[in-house]
1. Averaged per residue, what accessible surface does region 22-64 expose to a 1.4 Å probe, in Å²?
2. Based on the mean of other beta carbon atoms within 10 Å per residue, what is the order of 46-59, 100-113, 11-24, most packed first?
3. For L198 and D44, what is the calculated FRET efficiency with R₀ set at 22 Å and r taken between the beta-carbons, to the nearest 0.05?
4. Over region 1-77, with every protein chain in place, what whole percent of the accessible area is carbon and sulfur at 1.4 Å, could you tell me?
5. Report, by chain and number, residues whose modeled amide H sits under 5 Å from the one on L52, excluding near sequence neighbours (fewer than 5 apart, same chain).
6. Starting from the amide H of F120, placed 1.01 Å from N in the peptide plane, find each other amide H under 5 Å away whose residue is 5 or more places distant or on another chain.
7. What distance in nm separates the two pseudo spin-label positions at A114 and N187, each 7 Å out from Cα along the beta-carbon direction?
8. Taking the Cβ of Q51 as the centre, find all other residues whose Cβ is under 10 Å away and add up their charges (Lys, Arg: +1; Asp, Glu: -1).
Amino acid sequence: MVVDDHPMWREGVARDLTEAGHTVVATSGEGRQAVRVAAAARPDVVVLDLQLPDISGVEVIRGLRAALPEVRVLMLSASGEQQGVLDAVKAGATGYLVKSAAPAEFLDAVRRTAAGEPVFTPGLAGLVLGEYRRLAVAGEVGARPGPDDAAPRLTERETEVLRLVAKGLSYRQIAERLGLSHRTVQNHVQNTLGKLQLHNRVELTRYAIERGLDD
């Protein structure tokens, strides 16, 4: 689903996605309408502009996640302003790409978002990870659990993959580091998400950082 208040841009993005083999189930130019339409159309991925005429993209993300907990949101914005990026990710966005990105970069970002992999315009990934670490240290994202706290049991390999996720490595980089296939790394991440009852790699990264697994 494509949500943007500029008709030519919205139609262009939808056309590019269709030509690349994706199915565009809906489009919208307003935030509140987007949440209503998404609840009915049930898209897997929403490409969402940060600035909309009625409500902010951050509010739209919250509405989308409330209606469709499994939905993955790729922010596509003209702005790379740091606070906007952080607000979007905290609300549940899977990734954030500026509109100046090349078409091939955008289509790759959509594919990676659909796979649950966080995607950020170069330079923003470090910003997001740094903010998670700051919040974890400050205690603003939940206290780090003690050794006696009940937690789902992860395998040694899942824990190893989780540590690398917390360091900001991509699936491809993790696969190369551990000598595994890209598909195997994806399977480990999906199994870990299921055990921890999380929805995407952004939440998984936050979970790992809260528990000091990025050290």
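The values are calculated or read from the model by the stated rules, or taken from the named source; none is laboratory data. Keep in mind the model is a prediction, meaning the values are calculated, not measured. All Cβ positions, glycine included, derive from the backbone under ideal geometry; neighbour counts span all protein chains shown. In case anyone asks, the SASA skips ligands and DNA or RNA and just uses the protein heavy atoms, side chains included. Shrake-Rupley method; radii C 1.70, N 1.55, O 1.52, S 1.80 Å.
1. Result: 48 Å² of accessible area for each residue.
2. Ranked from most to least packed, the peptides come out as 46-59, 100-113, 11-24.
3. Details: r = 17 Å, r/R0 = 0.77.
Working from the Cβ atoms, E equals 0.85.
4. Carbon and sulfur together cover 49 percent of it.
5. Long-range HN contacts for L52: G57.
6. Counting only residues 5 or more places away or on other chains, the set is Y96.
7. Taking the two extended label points, one gets 2.1 nm.
8. Value of the local net charge: -3.
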